[in-house]
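Here's the structure we're looking at; comments come further down.
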Amino acid sequence: MEVTTTTTSSTHHYFSIFTNYPLISAFTAFTIAQFIKLFTSWYRERRWDLKQLLGSGGMPSSHSSTVTALAVAIGLQEGFGGSHFAIALILASVVMYDATGVRLHAGRQAEVLNQIVFELPAEHPLAESRPLRELLGHTPPQVIAGGMLGSVTAVSGYLFTRIATS
């Protein structure tokens, strides 16, 4: 009889991931950001680019929206004074700083290197090399937009669950 209880409890434990509000907020913010990128890409280039659904870079930053939604959701659920929120806030800060720092500059360097390789003579061994990815990081407005999207997503989800459970 005790084995059945453990199995039932264990099964319930695995399904609790589908009711994990911070996790759902983070995934929702990521998904919304990626779909927005699809439309901002179309607006800018007047063509649909389905790679935007999975790619990095662009408006808004899906990395920023994901980690911001996670941090805000943890803060709303467990309190902004707790250690879980502190960890999520530091994670969000590092990810957002990296997006506008190292990754942005790596993308700009890739752009310059691609231009150099493009101008090489055809007989040069590197002339046929595959171009480097240029859209790696984000500008500060893209990161801010991602952060705002993540915050709105987490707060909306919180209010929705509060209303739905009352």
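The values are calculated or read from the model by the stated rules, or taken from the named source; none is laboratory data. Here the structure is a predicted model, which means the values were calculated and not measured. Virtual Cβ from ideal backbone geometry, glycine too; neighbours counted across all protein chains shown. For accessibility, only protein heavy atoms count, side chains too; no ligands or nucleic acids. Shrake-Rupley method; radii C 1.70, N 1.55, O 1.52, S 1.80 Å.
Quick notes
- Tabulated pairs, region 13-25, first over 14 Å from His84 (Cα atoms), second loosely packed, with under 15 Cβ neighbours inside 10 Å, C-beta under 6 angstrom, 6+ apart or interchain: none
- Any chance Trp42 is in contact with a Phe, Trp or Tyr (Cβ under 7 Å, 6 or more places away or on another chain), exposed (fewer than 12 other Cβ atoms within 10 Å of the Cβ), over 16 Å from Ser156 (Cβ atoms) and at pLDDT below 80: no
- Test: residue in region 59-70 that is open to solvent by 40 Å² or more (accessible area, probe 1.4 Å) and at pLDDT 90 or above: yes
- Unmet requirement for Val143, which otherwise passes all of (1) at pLDDT below 75; (2) within 24 Å of Ser65 (Cα to Cα): (1)
- All positions within region 111-140 that are open to solvent by less than 80 Å² (accessible area, probe 1.4 Å), part of a helix (DSSP H, G or I) and either within 28 Å of Ser93 (Cα to Cα) or modelled with pLDDT of 80 or more (or both): Pro140
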